[in-house]
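Here's the structure, in structure tokens; my notes come after.
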Amino acid sequence: MELTAEIAAYRAGNGDPGRLVGEFRRAALLVPLANESAGGLMSAVSGGIRWLYAFTDKESLGRFAEARGEAGREWPYLAILGARLVDAVVPAVDGPAGIAVNVADEEGSMLFPPVAGIVPDGCAVDVSNDGDGEVA
């Protein structure tokens, strides 16, 4: 099952969290660039967490651009696997970071927060980082 179908199943109350995270990790996601010259990824901060925007296809990215009133401009993006995004990019962010998928799709969006099982334990807000590996 693809990521959008897993998100729909989870939101409907009959999805499996492990399958959802697995599909997220296998999915090729489109992550818009914040500043083309700097190469940064577009994100927002909410509740002390940096949320990196990611989209399952160009249509979802287009709905995001339209919701921001910026559909008329070019949107450069990086295509990256979900696994690479959480395993390599999230650890490079200063502070807690998660992934916000398809945020402009009211019924198809999903947040992947910075918790154990989604991001590396060293970046998870629910794991003690004092060396004992305990879940907080």
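The figures follow:
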{"read-out": "Most positive-pole-ward Cα, Val119, Ala88, Gly47, against dipole of segment 28-123 from beta carbon charges", "value": "Ala88"}
{"read-out": "The chain: mean projected area of Cα convex hull, nm²", "value": "8.7"}
{"read-out": "Fluctuation leader among Ala88, Ala12, Ala116 - the chain, Gaussian network, Cα springs under 10 angstrom", "value": "Ala12"}
{"read-out": "Paramagnetic reach from Ala44 in segment 104-121 [backbone N under 16 Å; point 7 Å along Cα→Cβ]", "value": "104-113"}
{"read-out": "Residue among Gly15, Gly48, Gly98 with the largest mean-square fluctuation in a Gaussian network model of the chain, springs linking Cα atoms under 10 Å", "value": "Gly48"}
{"read-out": "Distance in nm between pseudo-label sites at Arg26 and Ser128 (7 Å out along the Cβ direction from Cα)", "value": "3.6"}
{"read-out": "The chain: most fluctuating residue of Asp105, Asp94, Asp57 per GNM, C-alpha cutoff 10 Å", "value": "Asp94"}
{"read-out": "DSSP-defined antiparallel bridges as percent of all bridges, the chain, nearest 5", "value": "75"}
{"read-out": "Cα principal axis extents for segment 1-71, largest first, Å", "value": "41, 27, 22"}
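None of the figures in this text is laboratory data; all of them are computed from the coordinates on show. Since the structure is predicted, the reported quantities are computational estimates derived from the model, not experimental observations. We place every Cβ from the backbone using ideal geometry, glycine too, and count neighbours over all the protein chains shown.
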